[in-house]
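Notes follow the structure.
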Amino acid sequence: MIRRLDHAEAKDHPALWGDLELEGLMPRARPQHHQAERQRVAGVLARQGWCLAGASCLALVRPLPWDTAHFGVTCADLSRLYVEPGADHGDEPDALLIAVVAEARRRGVRLLSARPLTRHRPLFDPLLERGFALLDTSVEIGCPDAGHLGPEHPREAATRPAEPADLARLQTIAQSFTANRFHRDPRLPRPTAQGVYGEWVKSALQRGEVTVIESAGQPAG
(Lines give C-alpha, C1' and ligand atoms only; values in the text may rest on other atoms or scores of the structure.)
Protein backbone atom coordinates (compact mmCIF):
# COMPACT_ATOMS: atom_id res chain seq x y z
CA MET A 1 0.00 0.00 0.00
CA ILE A 2 1.30 3.43 -0.96
CA ARG A 3 0.83 6.19 1.58
CA ARG A 4 2.10 9.63 2.38
CA LEU A 5 4.70 9.90 5.15
CA ASP A 6 5.57 12.74 7.47
CA HIS A 7 9.15 13.40 8.55
CA ALA A 8 8.94 11.24 11.68
CA GLU A 9 8.01 8.20 9.55
CA ALA A 10 10.17 8.95 6.51
CA LYS A 11 13.46 9.48 8.35
CA ASP A 12 13.52 5.85 9.53
CA HIS A 13 12.25 4.21 6.34
CA PRO A 14 14.53 1.29 5.38
CA ALA A 15 14.65 2.42 1.74
CA LEU A 16 16.85 5.37 2.71
CA TRP A 17 19.75 2.92 2.84
CA GLY A 18 19.27 2.22 -0.87
CA ASP A 19 20.29 5.58 -2.36
CA LEU A 20 23.79 6.14 -1.03
CA GLU A 21 25.50 7.83 -3.95
CA LEU A 22 29.01 7.26 -2.66
CA GLU A 23 28.70 3.80 -1.16
CA GLY A 24 30.79 2.30 -3.97
CA LEU A 25 33.60 4.71 -3.22
CA MET A 26 33.45 4.87 0.57
CA PRO A 27 31.59 1.83 1.95
CA ARG A 28 32.80 2.49 5.50
CA ALA A 29 31.04 5.85 5.45
CA ARG A 30 27.55 4.34 5.02
CA PRO A 31 26.26 5.75 8.34
CA GLN A 32 27.30 9.27 7.34
CA HIS A 33 25.67 8.87 3.92
CA HIS A 34 22.51 7.55 5.52
CA GLN A 35 22.39 10.55 7.83
CA ALA A 36 22.80 12.85 4.81
CA GLU A 37 19.79 11.22 3.15
CA ARG A 38 17.73 11.70 6.32
CA GLN A 39 18.70 15.37 6.28
CA ARG A 40 17.74 15.61 2.61
CA VAL A 41 14.27 14.28 3.41
CA ALA A 42 13.90 16.70 6.31
CA GLY A 43 14.93 19.65 4.13
CA VAL A 44 12.49 18.82 1.33
CA LEU A 45 9.55 18.28 3.70
CA ALA A 46 10.35 21.54 5.49
CA ARG A 47 9.95 23.33 2.13
CA GLN A 48 6.47 21.99 1.36
CA GLY A 49 7.73 18.90 -0.43
CA TRP A 50 6.16 15.50 0.06
CA CYS A 51 7.04 11.86 0.60
CA LEU A 52 5.16 8.82 -0.67
CA ALA A 53 6.23 5.31 0.22
CA GLY A 54 5.44 1.64 0.18
CA ALA A 55 7.03 -1.04 2.33
CA SER A 56 10.33 -1.13 0.41
CA CYS A 57 10.61 2.10 -1.58
CA LEU A 58 10.10 5.80 -1.06
CA ALA A 59 9.77 8.80 -3.38
CA LEU A 60 10.77 12.32 -2.38
CA VAL A 61 9.28 15.24 -4.33
CA ARG A 62 10.27 18.87 -3.91
CA PRO A 63 8.54 21.99 -5.24
CA LEU A 64 10.48 24.19 -7.65
CA PRO A 65 9.46 27.79 -6.91
CA TRP A 66 12.09 29.33 -9.21
CA ASP A 67 11.03 27.16 -12.15
CA THR A 68 7.36 27.85 -11.35
CA ALA A 69 7.95 31.60 -11.55
CA HIS A 70 10.08 31.35 -14.70
CA PHE A 71 7.84 29.01 -16.73
CA GLY A 72 4.51 30.24 -15.40
CA VAL A 73 3.25 26.77 -14.44
CA THR A 74 3.58 24.85 -11.18
CA CYS A 75 6.79 22.77 -11.27
CA ALA A 76 8.11 20.01 -9.02
CA ASP A 77 11.00 17.55 -9.05
CA LEU A 78 10.95 13.89 -8.11
CA SER A 79 14.42 14.35 -6.72
CA ARG A 80 14.93 10.93 -5.16
CA LEU A 81 13.61 7.40 -5.51
CA TYR A 82 14.85 5.28 -2.62
CA VAL A 83 14.72 1.49 -2.99
CA GLU A 84 15.49 -0.79 -0.06
CA PRO A 85 18.51 -2.92 -0.96
CA GLY A 86 17.88 -6.66 -1.07
CA ALA A 87 14.11 -6.38 -0.73
CA ASP A 88 11.54 -8.05 -2.97
CA HIS A 89 9.97 -4.96 -4.51
CA GLY A 90 7.53 -6.64 -6.87
CA ASP A 91 5.30 -4.07 -8.56
CA GLU A 92 5.62 -1.59 -5.69
CA PRO A 93 7.95 0.88 -7.49
CA ASP A 94 5.46 1.05 -10.37
CA ALA A 95 2.59 1.73 -7.98
CA LEU A 96 4.68 4.32 -6.13
CA LEU A 97 5.51 6.30 -9.27
CA ILE A 98 1.89 6.22 -10.44
CA ALA A 99 0.88 7.53 -7.01
CA VAL A 100 3.50 10.30 -7.28
CA VAL A 101 2.00 11.46 -10.57
CA ALA A 102 -1.52 11.38 -9.12
CA GLU A 103 -0.43 13.42 -6.10
CA ALA A 104 1.37 15.91 -8.33
CA ARG A 105 -1.78 16.39 -10.39
CA ARG A 106 -3.82 16.85 -7.22
CA ARG A 107 -1.41 19.62 -6.21
CA GLY A 108 -1.72 21.33 -9.59
CA VAL A 109 1.78 20.44 -10.81
CA ARG A 110 2.05 20.88 -14.58
CA LEU A 111 5.75 20.20 -15.04
CA LEU A 112 7.12 17.23 -13.07
CA SER A 113 10.74 16.23 -13.63
CA ALA A 114 12.63 13.24 -12.25
CA ARG A 115 16.35 12.55 -11.87
CA PRO A 116 16.88 8.88 -11.04
CA LEU A 117 20.23 7.33 -10.35
CA THR A 118 21.48 5.35 -13.35
CA ARG A 119 20.79 2.01 -11.67
CA HIS A 120 17.19 3.08 -11.00
CA ARG A 121 16.42 4.23 -14.55
CA PRO A 122 14.53 1.05 -15.59
CA LEU A 123 12.14 1.59 -12.66
CA PHE A 124 10.91 4.77 -14.34
CA ASP A 125 9.45 2.99 -17.39
CA PRO A 126 5.87 3.46 -16.05
CA LEU A 127 6.37 7.22 -16.36
CA LEU A 128 7.61 6.92 -19.95
CA GLU A 129 4.53 4.84 -20.73
CA ARG A 130 2.34 7.66 -19.37
CA GLY A 131 3.59 10.50 -21.50
CA PHE A 132 6.84 11.48 -19.79
CA ALA A 133 9.84 12.08 -22.05
CA LEU A 134 13.46 11.02 -21.45
CA LEU A 135 15.25 14.32 -22.06
CA ASP A 136 18.82 13.74 -20.96
CA THR A 137 21.07 11.61 -18.78
CA SER A 138 24.02 12.34 -16.56
CA VAL A 139 26.68 10.08 -15.10
CA GLU A 140 28.95 10.77 -12.14
CA ILE A 141 32.30 8.99 -12.26
CA GLY A 142 34.61 8.66 -9.29
CA CYS A 143 37.35 6.50 -7.85
CA PRO A 144 38.28 5.85 -4.20
CA ASP A 145 41.79 7.30 -4.49
CA ALA A 146 42.75 9.65 -7.29
CA GLY A 147 46.41 9.73 -6.27
CA HIS A 148 47.41 7.10 -8.82
CA LEU A 149 46.09 9.16 -11.71
CA GLY A 150 49.30 11.19 -11.89
CA PRO A 151 49.91 14.94 -11.63
CA GLU A 152 47.42 17.42 -12.92
CA HIS A 153 48.28 19.60 -15.90
CA PRO A 154 46.17 22.73 -15.53
CA ARG A 155 45.48 24.81 -18.58
CA GLU A 156 46.73 28.35 -18.35
CA ALA A 157 43.90 30.85 -18.37
CA ALA A 158 43.37 34.34 -17.02
CA THR A 159 40.56 34.35 -14.47
CA ARG A 160 39.00 36.98 -12.27
CA PRO A 161 35.79 37.55 -10.28
CA ALA A 162 32.93 38.61 -12.51
CA GLU A 163 31.82 42.23 -12.45
CA PRO A 164 28.35 43.72 -13.06
CA ALA A 165 29.55 45.03 -16.43
CA ASP A 166 30.11 41.41 -17.56
CA LEU A 167 26.45 40.46 -17.23
CA ALA A 168 25.34 40.90 -20.84
CA ARG A 169 28.31 38.92 -22.19
CA LEU A 170 27.92 36.18 -19.58
CA GLN A 171 24.22 35.84 -20.34
CA THR A 172 24.99 35.47 -24.03
CA ILE A 173 27.50 32.72 -23.24
CA ALA A 174 25.17 30.97 -20.80
CA GLN A 175 22.16 31.09 -23.11
CA SER A 176 24.16 29.55 -25.94
CA PHE A 177 24.11 26.24 -24.05
CA THR A 178 21.12 24.43 -25.51
CA ALA A 179 22.09 20.79 -24.80
CA ASN A 180 19.87 20.62 -21.75
CA ARG A 181 16.51 19.27 -20.67
CA PHE A 182 14.78 22.64 -21.02
CA HIS A 183 15.54 22.89 -24.75
CA ARG A 184 14.84 19.19 -25.32
CA ASP A 185 11.35 19.39 -23.84
CA PRO A 186 9.02 20.23 -26.76
CA ARG A 187 6.36 21.48 -24.36
CA LEU A 188 8.45 24.41 -23.12
CA PRO A 189 8.55 27.64 -25.18
CA ARG A 190 12.00 28.14 -26.75
CA PRO A 191 12.51 31.73 -25.49
CA THR A 192 11.58 30.70 -21.95
CA ALA A 193 13.89 27.68 -22.09
CA GLN A 194 16.72 29.84 -23.39
CA GLY A 195 16.24 32.31 -20.56
CA VAL A 196 16.87 29.74 -17.81
CA TYR A 197 20.66 29.93 -17.91
CA GLY A 198 20.61 33.67 -18.43
CA GLU A 199 18.65 34.09 -15.21
CA TRP A 200 20.86 31.61 -13.38
CA VAL A 201 24.07 33.45 -14.25
CA LYS A 202 22.44 36.78 -13.33
CA SER A 203 21.50 35.46 -9.88
CA ALA A 204 24.93 33.92 -9.36
CA LEU A 205 26.62 37.18 -10.36
CA GLN A 206 24.51 39.10 -7.84
CA ARG A 207 25.69 36.68 -5.14
CA GLY A 208 29.34 37.05 -6.17
CA GLU A 209 29.60 33.41 -7.26
CA VAL A 210 30.88 33.79 -10.84
CA THR A 211 34.48 33.54 -12.00
CA VAL A 212 35.23 34.79 -15.50
CA ILE A 213 37.73 33.31 -17.92
CA GLU A 214 39.17 36.05 -20.10
CA SER A 215 40.37 35.97 -23.67
CA ALA A 216 41.76 39.13 -25.29
CA GLY A 217 40.47 41.09 -22.31
CA GLN A 218 36.86 39.92 -22.74
CA PRO A 219 34.85 37.31 -20.85
CA ALA A 220 35.08 34.04 -22.77
CA GLY A 221 33.47 31.68 -20.28
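The values are calculated or read from the model by the stated rules, or taken from the named source; none is laboratory data. This one's a predicted model, so the numbers in the text were calculated from it and none came from an experiment. Using ideal geometry, Cβ is built from the backbone for each residue, glycine included, and neighbour counts are taken over all protein chains shown. Heavy atoms of the whole protein, side chains included, go into the accessibility calculation; ligands, DNA and RNA do not. Shrake-Rupley method; radii C 1.70, N 1.55, O 1.52, S 1.80 Å.
Structural remarks
- Per-peptide packing, taken as the mean over residues of other Cβ atoms within 10 Å, places 85-92, 110-117 in the sequence 110-117, 85-92 from highest down.
- Compared with the direct C-alpha span, the chain from residue 113 to residue 216 gains 33.1 nm at full extension, assuming 0.36 nm per residue.
- In plain terms, the chain from residue 91 to residue 159 could stretch by 19.2 nm, reckoned as 0.36 nm per residue minus the Cα-Cα distance.
- Phi angles of the stretch 48-61 translate, via the Karplus equation with coefficients 6.51, -1.76, 1.60 and θ = phi - 60°, into HN-Hα couplings of 6, x, 8, 10, 10, 8, x, 6, 10, 8, 8, 10, 10, 10 Hz per residue; Gly and Pro are given as x.
- Length added when fully stretched, residue 47-residue 6, from 0.36 nm per residue minus Cα-Cα: 13.5 nm
- Summed over the residues of the stretch 1-130 and divided among them, the accessible surface reaches 52 Å² per residue at a probe radius of 1.4 Å.
- Across the stretch 101-110, coupling constants 3J(HN,Hα) worked out from phi with the 6.51/-1.76/1.60 Karplus curve, θ = phi - 60°, read 5, 4, 5, 4, 5, 4, 8, x, 5, 9 Hz, and Gly and Pro carry x.
- 5 angstrom amide H check on residue 220, placed H, neighbours 5+ away: 213, 214, 215
- Per-residue HN-Hα couplings for the stretch 201-212 [Karplus 6.51, -1.76, 1.60; θ = phi - 60°; Hz; x = Gly/Pro]: 5, 5, 5, 5, 5, 5, 8, x, 10, 10, 10, 9
- For the chain, calculated [θ]222 nm from helices alone, where every DSSP H run of n ≥ 4 adds -39500 (n - 2.57): -10000 deg cm²/dmol
- The chain shape via C-alpha gyration tensor axes, a/c threshold 1.5: oblate
- Tensor-based shape of the stretch 1-101 (alpha-carbon gyration tensor, a/c under 1.5 rounded, otherwise prolate or oblate): oblate
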